[in-house]
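This report refers to the structure that appears directly beneath it.
The values are calculated or read from the model by the stated rules, or taken from the named source; none is laboratory data. Here the structure is a predicted model, which means the values were calculated and not measured. Here the Cβ is made from the backbone with ideal geometry for all residues, glycine too, and neighbour counts use every protein chain on show.
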Amino acid sequence: MSSDVSSSGPQVTVLTPEGRGAIGVIRVWGKGAVEAADAAFRPARGKGLAQTPRGRLRLGRIGRGLGDEVVAVVLELDPPAVEIQCHGGPAAQGMVLEALQAVGAGAAPADQWAEHAMPTRIRAQALVDLGRTSTLRTAEILLDQAWGALDRELAGLAARILEDQEAGLMRLDRLIRHGQVGLRLITGWRVVIAGRPNVGKSRLLNALAGYARAIVDPAPGTTRDLVSVSTAMDGWPLELVDTAGVRAADDAIERSGIERALRQQATASLVLKVLDRSEPLRDFDRALVSASHPSLLVANKADLPPAWQPAELPSGAVPIVVSAERGVGLEELSTAIAEALVPAPPEPGAGVPFRSNHVERLGKAREALRAGDAESAIREIEALCL
């Protein structure tokens, strides 16, 4: 896209995500970028930044008083761009930004910098979202899009529709399915752990998370509010949510927790329905198994003698047998969770829609193509490429 920023002078953009980190990366770009960075940069020794060869790292300071110790490098001269690496966190980055703005650099959001730096809007969006991912697998998918995978797929799709509408529709359907994964690359999936009290839900959450996040106690009804933890399985980011055990309760606080648990089950990406393998099945267990949520059935406490057999479960359900106490079966369960959430992962290098407007446009294109209107379908696809 290479937006024209020559009239607005130098711009400064924070490239690292919000929050604390070891290193903050700040980009000064646009007309006058080298001069602005040179005016704010105090070298530890030697000449100023403007007299430094392109690509050479320079140590110095930026900011009021002692300032923050930074590394600066002139990346390009045409168009001009300077990268500054400072300490991570909002305080250090704020000090550097303040100094750069004081010498005339305007603050620009990451989206604006990306549109200036990348040749297409989709690639710019992918570059911005890349900094918001939390796993290597999701970062690799977005990096493919930043290198043009989705652009190429859309161009090929439009050409395919002109050649063969039926084949184009199949290709469009596959792209929309990939979009259901793409929309979760940053937000992740929500996996709710459900069951009656004392079946081991909190212990299972702790075991899957790898540390004691939830309180574990033999007293029924200990968990009364939602307890969540962010983690990843097979490279897919997700939030595990421990909920109150569902049972008939007189306590108002526990009833409130149970109501929240039921709402969470209704909106979850996946529900882990946990049963206690060491106790006879109860009506609540059977009702849970029969509920129609996207789910996996988990039989916990495999370290104790079984009190029931899988054949006793309704609808021929087959549980994954685990012991959250001993760690038995957790690897199998983690694999099953990942496969349930993403049954058909996009292949490496595939085009993957990753924003809601991408999927919405493609949905409109599919409607048009199914109605036999190839021209409208192609217009919707081409609108994404602008």
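Screening GLY88, GLY94 for residues that are out of contact with any helix residue (DSSP H, G or I) (no Cβ under 6 Å at 6 or more places or on another chain) and over 15 Å from VAL12 (Cβ atoms) leaves exactly one candidate, GLY88. Within the range 299-330, being part of a helix (DSSP H, G or I), of a type outside the set (Asp, Glu) and farther than 21 Å from LEU208 by Cα holds for PRO310, ALA311, PRO314, SER315, GLY316.
Counted as qualifying within the range 73-178 are the helices (runs of 4 or more DSSP H) with 1 or more residues that are assigned by TED's automatic domain parsing to the domain that holds SER356, at negative phi and loosely packed, with under 15 Cβ neighbours inside 10 Å, namely 136-146, 149-163. The selection criterion, being of a type outside the set (Gly, Ala, Ser), touching a residue at least 24 places away in the same chain (Cβ under 8 Å), more than 23 Å from GLU140 (Cβ to Cβ) and in contact with a helix residue (DSSP H, G or I) (Cβ under 9 Å, 6 or more places away or on another chain), does not hold for LEU362.
Is it true that ALA194 is modelled with pLDDT of 90 or more, surrounded by 19 or more Cβ atoms within 10 Å (Cβ to Cβ), in contact with a His (Cβ under 9 Å, 6 or more places away or on another chain) and small (Gly, Ala, Ser)? Criteria met by ALA194. When restricted to residues that are among the charged types (D, E, K, R), more than 19 Å from ASP144 (Cα to Cα) and either under 25 Å from the mean Cα position of the chain (by Cα) or not in a loop (DSSP other than H, G, I, E, B) (or both), the range 179-207 contains 3. Out of the residues in the range 239-259 that are modelled with pLDDT of 55 or more and of a type in the set (A, V, I, L, M), state the one that is surrounded by the most Cβ atoms within 10 Å (Cβ to Cβ). Ranking the candidates gives ALA244 first. For the range 260-271, indicate whether the set of residues that are at pLDDT below 95, more than 30 Å from GLU140 (Cα to Cα) and more than 27 Å from the chain's Cα centre (by Cα) is non-empty. No, the range 260-271 contains no residue that is at pLDDT below 95, more than 30 Å from GLU140 (Cα to Cα) and more than 27 Å from the chain's Cα centre (by Cα). Of all the listed residues (LEU362, LEU296, LEU333), the sole one being within 25 Å of the chain's Cα centre (by Cα) and assigned to a strand (DSSP E or B) is LEU296.
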